[in-house]
There are 2 protein chains.
Amino acid sequence: MTRAPLTPAAVVAEAAALADADGLEAVTLSAVARRLGVRTPSLYSHVRDHAALLDGISTLALADLTARIAQAVAGRSGRAALEGLLGAHRAFARDAPGRWQALQRRTGPDVARSDAARSLVVLTDAVLHGYDLPPGERVHATRLLGSTVNGYLTLERAGSFDHSEPSPDVSWGRTIDALDALLRAWPAAAPASAPKAD
Amino acid sequence: MTRAPLTPAAVVAEAAALADADGLEAVTLSAVARRLGVRTPSLYSHVRDHAALLDGISTLALADLTARIAQAVAGRSGRAALEGLLGAHRAFARDAPGRWQALQRRTGPDVARSDAARSLVVLTDAVLHGYDLPPGERVHATRLLGSTVNGYLTLERAGSFDHSEPSPDVSWGRTIDALDALLRAWPAAAPASAPKAD
DNA sequence: CCCCTAGCCTACACCCTTTAGGTCAGGGGC
DNA sequence: GCCCCTGACCTAAAGGGTGTAGGCTAGGGG
């Protein structure tokens, strides 16, 4: 009956679904094989090894995230675009926690060189285009934006905000306010870090 | 000869050293036992299980980090204190990468309730005291600061900054500039996100 | 019609976690 | 002073995950 052709893509997709359901640490070749109704060694025809499987999930996740962001920032600019960008990250982390986890790992070089990785940078850059940054500063702003959203979601998902009062949702709004304000009033390069004499 | 008493603290310390040397994923009970010259099952008298061992590393790491921060911000305020706070995080991530990794995991509740966790919040809060924030805003600023530094270091260590031009060190300086500027000109609460009526 | 290839299978070697139960040495009670 | 008891480490073993070697089968091309 040849019930399922079982391609590399199908294996990775199943692994991603498992990651979203049970966490990335639950993604073992054994578990994926079980879900596919296949014996473990059969997967090695489609995936090199465990690390390659995780890299596959990362690549898939990056493509998913980029697609969401593209949708969220389309036709918007300035603060609305910023909200879209950040919101897309957060929604992705909520809806696809396993894939999100996969993006936090140090991956093989293929992931960084993928089209999705490039698109993500381009999209973020486009959002920053709405703010009036000096050309050389855009990279720094991109990195800061990426750092903050990444860190926020990591801490939120790790429960680090569960031990103090205002709900993470409130801080999330204030974080967007703060980043928007920061991008509008981006400090000039080296204003106080390399003063002439005083 | 009773060569080594082998206490819970000694086991965790050895595990932390291994994590710093070979990465947190290399911390297995087997590997720790080998380093201690002991058979694996012997460790179970001192550590409940693998998860507890990792939690132990996290607690230790949090204490280490807090101590560094305390040192780095002592007697400083304003931007100098901010630099100290952020710099201590970064130095810790560089010097003790395994412990740093341990702080990124979702831990058991004991870690969050530890003295070190409380101290970390207090110290961060103290740094913010040098900036003139409305009382209700300090929590948000603390969270944003934590998010950004965490995210930055995660991305830096993951190599995410290796594919674009300026070195991470440059962006690090600009990040501090930006955060300093942001804290000085913190946007008023709910300027656009929850207006009364307009 | 036969063979060859592709894809899944069984068998196995190795490592890590965790439990069960043995052994030995040193300290407290008699 | 002797005996027992406890604590710390040990061996044995089960269970599950990774990864390799090699077999079986079915369908397509010569």
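The values are calculated or read from the model by the stated rules, or taken from the named source; none is laboratory data. Since the structure is predicted, the reported quantities are computational estimates derived from the model, not experimental observations. Don't worry about glycine lacking a Cβ; one is built from the backbone with ideal geometry, like all the others, and counts go over all protein chains shown.
Determine whether segment B:36-53 contains at least one residue that is assigned to a helix (DSSP H, G or I), more than 14 Å from DNA strand D (Cβ to nearest atom) and either within 14 Å of chain A (Cβ to nearest Cβ) or in contact with a Cys (Cβ under 6 Å, 6 or more places away or on another chain) (or both). Taking every residue of segment B:36-53 in turn, at least one turns out to be assigned to a helix (DSSP H, G or I), more than 14 Å from DNA strand D (Cβ to nearest atom) and either within 14 Å of chain A (Cβ to nearest Cβ) or in contact with a Cys (Cβ under 6 Å, 6 or more places away or on another chain) (or both). Can you tell me which of (1) part of a loop (DSSP other than H, G, I, E, B); (2) over 27 Å from residue B:64 (Cα atoms); (3) not small (Gly, Ala, Ser) is the one residue B:182 doesn't meet? If we test residue B:182 against (1) part of a loop (DSSP other than H, G, I, E, B); (2) over 27 Å from residue B:64 (Cα atoms); (3) not small (Gly, Ala, Ser), just (1) comes out false.
Scanning segment B:34-54 for residues that are away from DNA strand C (no atom under 12 Å from the Cβ) and either loosely packed, with under 11 Cβ neighbours inside 10 Å or among the charged types (D, E, K, R) (or both) turns up just one, B:37. Any residue that is modelled with pLDDT of 95 or more, surrounded by fewer than 18 Cβ atoms within 10 Å (Cβ to Cβ) and among the hydroxyl-bearing types (Ser, Thr, Tyr) - is there at least one of those in segment B:61-70? So far as segment B:61-70 goes, no, none of its residues is modelled with pLDDT of 95 or more, surrounded by fewer than 18 Cβ atoms within 10 Å (Cβ to Cβ) and among the hydroxyl-bearing types (Ser, Thr, Tyr).
When residue B:167 is tested against (1) modelled with pLDDT under 95; (2) under 30 Å from residue B:56 (Cα atoms), exactly one condition is not met: (2).
Regarding segment A:59-72, can at least one residue be identified that is among the hydroxyl-bearing types (Ser, Thr, Tyr) and farther than 20 Å from residue A:174 by Cα? So far as segment A:59-72 goes, yes, one or more of its residues are among the hydroxyl-bearing types (Ser, Thr, Tyr) and farther than 20 Å from residue A:174 by Cα.
Based on this model, can you work out whether residue B:62 counts as away from DNA strand C (no atom under 11 Å from the Cβ), within 14 Å of chain A (Cβ to nearest Cβ), under 13 Å from residue B:100 (Cα atoms) and part of a helix (DSSP H, G or I)? Judged against the criteria, residue B:62 is a match. Filter segment B:2-33 down to the residues that are within 8 Å of DNA strand C (Cβ to nearest atom) and surrounded by fewer than 17 Cβ atoms within 10 Å (Cβ to Cβ), then identify the one that is nearest to the chain's Cα centre (by Cα). For segment B:2-33, the residue satisfying everything is B:28. Note on segment A:93-123: residues that are within 12 Å of another protein chain (Cβ to nearest Cβ) and without any contact (Cβ under 8 Å) to a residue 40 or more places away in the chain amount to 7. Tell me whether segment A:105-113 contains one or more residues that are within 25 Å of residue A:173 (Cα to Cα) and of a type outside the set (Val, Ile, Thr). No, segment A:105-113 contains no residue that is within 25 Å of residue A:173 (Cα to Cα) and of a type outside the set (Val, Ile, Thr).
Of all residues in segment B:154-167, count the ones that are assigned to a helix (DSSP H, G or I) and at the interface with chain A (Cβ under 8 Å from one of its Cβ atoms).
From segment B:154-167, those assigned to a helix (DSSP H, G or I) are B:154-158; that's our starting set.
From what's left, at the interface with chain A (Cβ under 8 Å from one of its Cβ atoms): B:154-155, B:157-158.
Looking only at that region, the number is 4.
Of all the residues in segment A:128-146, those that are part of a helix (DSSP H, G or I), more than 9 Å from every other protein chain (Cβ to nearest Cβ) and over 16 Å from the mean Cα position of the chain (by Cα) number 4.
For segment A:6-35, which residues satisfy the criterion of being within 12 Å of DNA strand D (Cβ to nearest atom) and not small (Gly, Ala, Ser)? Before the answer, list the steps.
First, pick out the residues of segment A:6-35 that are within 12 Å of DNA strand D (Cβ to nearest atom): A:15, A:18, A:22, A:24-35.
Listed by number, the residues that qualify are A:18, A:22, A:24, A:25, A:27, A:28, A:29, A:32, A:34, A:35.
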